[in-house]
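Written out below as structure tokens is the structure these notes cover.
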Number of protein chains: 2
Amino acid sequence: MQKKEFNVTPWEVEGKVDYARLIKKFGIKPLKELPDIFMTEVLFRRKIIFAHRDIQRILEAIKDKKSFVMMTGLMPSGKFHFGHALVVKQMIFYQKLGAKIYIAIADLEAYNARHKSLEELKKIAINEYLINYVALGLDLKKCEIYFQSARSDDSKKSNAYYRLASNFSRYATFNEFKAIYGEISPGKMNASLLQAADMFHAQLPEFEGKIPVLVPVGVDQDPHLRIARDIAKRYKDNKFIQLSSTYNLFFPGLKGSGKMSSSDETSFISLTDSPKEVERKIKKYAFSGGQATVEEHRKKGGNPDIDVSFQYLKFLFEPDDKKLQRIYDDYKSGKMLTSELKNYLIKKINDFLKEHQKKRKLAKKQIDNFMLKV
Amino acid sequence: MQKKEFNVTPWEVEGKVDYARLIKKFGIKPLKELPDIFMTEVLFRRKIIFAHRDIQRILEAIKDKKSFVMMTGLMPSGKFHFGHALVVKQMIFYQKLGAKIYIAIADLEAYNARHKSLEELKKIAINEYLINYVALGLDLKKCEIYFQSARSDDSKKSNAYYRLASNFSRYATFNEFKAIYGEISPGKMNASLLQAADMFHAQLPEFEGKIPVLVPVGVDQDPHLRIARDIAKRYKDNKFIQLSSTYNLFFPGLKGSGKMSSSDETSFISLTDSPKEVERKIKKYAFSGGQATVEEHRKKGGNPDIDVSFQYLKFLFEPDDKKLQRIYDDYKSGKMLTSELKNYLIKKINDFLKEHQKKRKLAKKQIDNFMLKV
């Protein structure tokens, strides 16, 4: 028996991912029995967010109306695409439930990888990323957004943050980094320690103090969480509440393998693509679960489970469960053709983008104000 | 032919040190032809500071009356002893020549090694170290003194400093650390990178801007300088002026082997030891170059070059070159006995300490003011 091989690391996702095996390998837990409010968000309703560690204390905080932090990061490189939208939807969801949103802009990492100045990266972070966050519905006023290169304009906070990353280094070993990441350089190690500080520093007295922190990630990012959890467990100077985390399926790249990634032009649709560009990309690249000919398709039916257009409807563009189910059935039975499915998706995306462009213009003003402050 | 073995690393000095071999091994240069002003300081006059890297640009700055930085660090652990006084004498010397003195208090390192709180370490740094600096003659107003755990109360400066340490990590490799230090852990690596930032950050626009920096060290500390120099050479974001450094002989421990160290009680005299304690330590521990009996000593003479009491006179307690030469000759010829040499030293030290205790009381006031500001 031959098993399809796949490879999932924080830097690479290859092959057909077996999520059940990942759950076992990483030691994360399937996500079930969520409160009703979670069912208003398709990402939970459709089990696109499918696993967790220690979610319980976030559910308790929500139930008891206690505050909690949702922590995430962004790497200011390339285009903001629909794969990025998954975490933004979660920010908005948790913000409405009362979470304070922490957003770390990983400009130090981007700086070293991309050979752009910190000033340029700041502009990309704001004009390409944050503007889309706002247009999608994030309320910047209820966020704490910071650059790794300059944590705060309050020196007490800055010092505490960098001190934490530095102290974390004493609680880690090279073997641990090697075991979890496979390979490691001083730069990567440093980035990992800074990331651990990102995830835990909200709990320091200089920030929120004792507070549960939720980190929603794509499942490929779990190694970062394992390192951070292990270090924090051993850390003596502050008693941290262990992180909670959730894991989402990869938003598929256009060609159906791996995840949507801004480093592969033929894998993504960005939120500034024109209607023509969207149409071209879907028609040309979107991997189809249909048959080779219309006749064959009518007879045998298509496979929506591997069809990228169907997946995009499921992840983002068809909020109506009944309609989605009908499309699923019709495509599977052969009643709906690949061209029909693609046209349906193209219209959905372009309708969305038309509205989104308007919202981006409104967002621009908020962003300009924000620019002045950071 | 058997060679005496010795071992010199930043963490350990063992055996009889062959300085000529160290100069060759480390690639540093013998120090010669210094301007006249340097001859006012016995450490230079007596070649206790014996080697350098790139001293020329400091000499030029002094000649042209341009500003420069002298950078040093202190580890707030244990007692302030006479070995520590060498660098303080240099601070005072360069301060009079117009240098701005940067002092990094390595509390993060001490914190991890000594299991004391940062608050306790701060008190040790101030009440045990800085108070002695001031009593010895350092002008705190012309110093920039900071804790590694909290670089500045100006967030622009704090952020720039920690950013530099973080960015430096991308320019180093594990092999380099291994080659230079022999063994390395994430904590040690992090400490080394922070130390490199200590040495170079004065040149950032947030601090002094382009300015030559002198780092005077014991020769065992050269590995830290080599790492810092190599990283800065490759660093692209800021064009650093390469560090200048000078190297001093080890201030010998009482028992004559290795250097005076606060981790070995029988190796040091602290600046708060009582007259009785000084007498006891010199008589009991100070390694003698004399002969076994008075008669033999009178006949064969002693060896001042290995006699610890003579070395202490040479390093710190006998400013008069002629007197020192006479003692050298008399001890060597057998005219002066070990007991006489020791008694002479004990009186010198206790006279010094009596004055120093008075100065410490005056220093206390300055320090209390300083305490309020940091």
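Here are a few things to note about the model shown:
- Looking only at the stretch A:150-165, and only at residues there that are within 14 Å of A:Gln195 (Cβ to Cβ) and facing chain B (nearest Cβ under 7 Å), the one that is surrounded by the fewest Cβ atoms within 10 Å (Cβ to Cβ): A:Arg151
- Comparison of B:Ser257, B:Ser288, B:Ser263 shows that the only residue that is in contact with a Gly (Cβ under 8 Å, 6 or more places away or on another chain), at pLDDT 95 or above and assigned to a loop (DSSP other than H, G, I, E, B) is B:Ser288.
- Qualifying residue in the stretch B:235-248 (condition: within 11 Å of chain A (Cβ to nearest Cβ) and either crowded, with 21+ Cβ neighbours inside 10 Å or within 25 Å of the chain's Cα centre (by Cα) (or both)): no
- Test: residue in the stretch B:133-147 that is within 14 Å of chain A (Cβ to nearest Cβ), free of Cβ contacts under 8 Å to residues at least 40 places away in the same chain and assigned to a helix (DSSP H, G or I): no
- Being more than 19 Å from A:Ile103 (Cα to Cα), surrounded by fewer than 23 Cβ atoms within 10 Å (Cβ to Cβ) and either touching a strand residue (DSSP E or B) at 6+ places or on another chain (Cβ under 6 Å) or basic (Lys, Arg) (or both) is a condition met by no residue of the stretch A:206-218.
Here's the yes/no breakdown for (1) more than 14 Å from chain B (Cβ to nearest Cβ); (2) not acidic (Asp, Glu); (3) not in a helix (DSSP H, G or I):
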site	(1), (2), (3)
A:Ala191	no, yes, no
A:His201	no, yes, no
A:Pro216	yes, yes, yes
A:Arg226	yes, yes, no
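- Qualifying residue in the stretch B:73-82 (condition: in a helix (DSSP H, G or I) and modelled with pLDDT of 95 or more): yes
Yes or no, residue by residue, for (1) in the same structural domain as B:Lys281 (by TED's automatic domain parsing); (2) buried (at least 22 other Cβ atoms within 10 Å of the Cβ); (3) of a type in the set (D, E, K, R):
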residue: B:Met71; (1), (2), (3): no, yes, no
residue: B:Phe80; (1), (2), (3): no, yes, no
residue: B:Gln90; (1), (2), (3): no, yes, no
residue: B:Lys96; (1), (2), (3): no, no, yes
residue: B:Tyr102; (1), (2), (3): no, yes, no
residue: B:Leu108; (1), (2), (3): no, yes, no
residue: B:Asn127; (1), (2), (3): no, no, no
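- Scanning the stretch A:272-323 for residues that are within 22 Å of A:His356 (Cα to Cα) and free of Cβ contacts under 8 Å to residues at least 12 places away in the same chain turns up A:Ser274, A:Lys276, A:Glu277, A:Arg280, A:Asp320.
- Apart from one condition, B:Ala232 fits all of (1) under 23 Å from B:Val13 (Cα atoms); (2) away from chain A (no Cβ under 13 Å); (3) part of a helix (DSSP H, G or I); (4) among the aliphatic types (A, V, I, L, M); the exception is (1).
- Yes/no for B:Ala61 being buried (at least 21 other Cβ atoms within 10 Å of the Cβ) and either in the same structural domain as B:Gln242 (by TED's automatic domain parsing) or touching a Gly at 6+ places or on another chain (Cβ under 6 Å) (or both): no
- Residue in the stretch B:36-56 that is of a type in the set (Lys, Arg) and modelled with pLDDT under 90 present: no
- Residues in the stretch B:98-119 that are more than 13 Å from chain A (Cβ to nearest Cβ) and in a helix (DSSP H, G or I): none.
- Residue check, A:Ser185 free of Cβ contacts under 8 Å to residues at least 12 places away in the same chain, over 21 Å from A:Ser263 (Cα atoms) and either in contact with a helix residue (DSSP H, G or I) (Cβ under 6 Å, 6 or more places away or on another chain) or surrounded by 23 or more Cβ atoms within 10 Å (Cβ to Cβ) (or both): no
- Considering B:Asp222, B:Asp237, the condition of being under 20 Å from B:Ile49 (Cα atoms) and acidic (Asp, Glu) is satisfied by B:Asp222 alone.
- Helices (runs of 4 or more DSSP H) wholly inside the stretch B:293-374 that include at least 3 residues being more than 30 Å from A:Ser155 (Cα to Cα) and out of contact with any Leu (no Cβ under 9 Å at 6 or more places or on another chain): B:294-300, B:321-333, B:338-373
- In this structure, B:Ala125 does satisfy being away from chain A (no Cβ under 14 Å) and either in a helix (DSSP H, G or I) or farther than 24 Å from B:Leu362 by Cα (or both).
- Of all the listed residues (B:Leu353, B:Leu362, B:Leu313), the sole one being of a type outside the set (S, T, N, Q) and modelled with pLDDT under 95 is B:Leu362.
The values are calculated or read from the model by the stated rules, or taken from the named source; none is laboratory data. Keep in mind that what you see is a predicted model, and the values were worked out from it rather than measured. Cβ sites come from the backbone with ideal geometry, for glycine too, and all protein chains shown count toward neighbours.
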